[in-house]
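The values are calculated or read from the model by the stated rules, or taken from the named source; none is laboratory data. In this text, all values refer to a predicted model and were calculated from it rather than measured experimentally. FYI the Cβ positions are ideal-geometry reconstructions off the backbone, even for glycines, and counts take in every protein chain you see. SASA here: full protein model, heavy atoms, side chains in, ligands and nucleic acids out. Shrake-Rupley method; radii C 1.70, N 1.55, O 1.52, S 1.80 Å.
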Amino acid sequence: MWAELLPVGRSAASGGYRRFAWNSADAECRAWFEQQARDRGLTYELDRNGNQWAWLGDPHGEGAVVTGSHLDSVPDGGAFDGPLGVVSSFAALDELRARGAEFTKPLAIVNFGDEEGARFGVACIGSRLTAGVLSREAAYELRDADGLRLPDAMEKAGYDPTALGADDERLSRIGAFVELHVEQGRYLGEGQPVGVAGAIWPHGRWRFDFHGEANHAGTTRIEDRRDPMLTYANTVLAARKKAKLAGALATFGKVAVEPNGTNAIASLVRGWLDSRAADERTLTELVAEIERAAAERGDRDGVRVELTRESYTPVVDFDGPLRDRLAKLLDAPVLPTGAGHDAGILASAIPTAMLFVRNPTGVSHSPAEHAEVADCLAGVAALADVLEDLACQ
């Protein structure tokens, strides 16, 4: 399975992946998922939000146990973030069948669409729509860098977007969702290869618009300039300093410039801030401080600054009894995480938990992302033990 997925959407230049929602690489991944389901005699289903499901047992039964993750990537991302969870889910099912496990509850494997938010700017779109965190109306307004709306992109890829929205009936039939993921950090270190997630830091994405005045780079005096690039650059530095002081994280990883000419002073710079902290108060105060620093510098530069919050996820405490049950079953450590996941989105509606597979470098969202084969297999075994405990009692 792993070998089949490895070349899909991979850039020859960077070695990273460009599996974005509803593009051709995403279509290949989706076809792969459907084939894996049918090869195992599972009931394949596409839900109203474009998420893929593979069912063992009655899809309409109660108390279903669900596992899985996502198959899309960030720009030039690694091979493990998302796909490891989906591949491991199918492998864990194979392991349970080899054990002769007798299922007493429906089991499903899911591929949630557009988890990374690389194309439309909002993370976890598939699970957000399902949980009602993202409305149909808001989803319809999302556009990619070329101005194409989300529903139009879905339709172009052969999917019907008219039914997008909350799927309360589906969620009411799920008793637990367990997502396996490559560790994004190095908390496991030299210890056990598998850990259990404790909570997800609150996090969000904010767009800063720096409005200046376009002008000629060679004829405009320094004192006559209203250069938004200066304000943007100062804001990036301020964000780093203030995040470090707060014990939090702040990253400007995406920028767009207009008119984007080498010999032109920009009229507009847009910078996207990703910020995360251990608690919501710290995060709120940090973003406010960054906004204040941007505005103060903007006043000096003659640049107007606008801030728009594009997405926000409050602190997520995974289901306590389920988390503790898994940690005891696996004799595994409980780890914090600053990354968002579909399991975190669904945590407000159903009991969810996460397993992490050791990442020796701690690198993620990069072609250097890695997990050893032995640790991946340990993750499969752990997930099989969890599914057996939850769905075969």
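Once the other residues with Cβ under 12 Å from the Cβ of residue 356 are scored (Lys, Arg +1; Asp, Glu -1), what is the net sum?
Its environment carries a net charge of -2.
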Q) What's the center-to-center distance, using Cα atoms, between segment 1-53 and segment 94-169 in Å? A) 13 Å
**Q.** Stretchable slack from residue 140 to residue 43, in nm (0.36 nm times residue separation minus alpha-carbon distance)
**A.** 32.0 nm
Q. When the helix-only estimate is applied to the chain (DSSP H runs of n ≥ 4, each -39,500 (n - 2.57), divided by the residue count), what is the mean residue ellipticity at 222 nm, nearest 500 deg cm²/dmol?
A. -10500 deg cm²/dmol
Q | Debye intensity ratio I(q)/I(0), log10, the chain, q values 0.11, 0.15 Å⁻¹ (C-alpha model) | A | -0.81, -1.39
**Q.** Environment charge of residue 270, counting only residues whose C-beta is closer than 10 Å and scoring Lys/Arg +1, Asp/Glu -1
**A.** -1
Q) How high is the relative contact order of the chain, in percent, with contacts defined as C-alpha pairs under 8 Å that are six or more residues apart? A) 22 percent
Q) If you count the DSSP beta bridges with both ends in the chain, what percent of them are antiparallel, to the nearest 5? A) 70 percent
**Q.** Accessible area (Å², 1.4 Å probe, nearest 10) - residue 160
**A.** 100 Å²
(Q) I want to check a number: in the chain, how many lysine pairs have alpha carbons closer than 24 Å, given a sequence separation of 8 or more or different chains? (A) 4
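State the percentage of accessible surface on segment 293-354 attributable to carbon and sulfur atoms; use a 1.4 Å probe and exclude ligands, DNA and RNA.
Carbon and sulfur together cover 47 percent of it.
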Q: Find the relative contact order for segment 83-141 and round it to a whole percent, using C-alpha pairs within less than 8 Å whose residues are 6+ positions apart.
A: 20 percent
Q.
What number does segment 242-297 give for Rg over Rh if you use C-alpha atoms and the Kirkwood radius?
A. 1.10
Q: Within segment 193-219, find all residues whose amide N lies under 17 Å from a label point positioned 7 Å from the Cα of residue 324 along Cα-to-beta-carbon.
A: 196-199
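Sort 260-269, 339-348, 51-60 by packing, meaning the average of other beta carbons within 10 Å per residue, with the highest value first.
The packing order, highest mean first, is 339-348, 51-60, 260-269.
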(Q) How would segment 1-141 be classified by its alpha-carbon gyration tensor: rounded, prolate or oblate, with rounded meaning a/c under 1.5 and the a/b versus b/c comparison settling the rest? (A) oblate
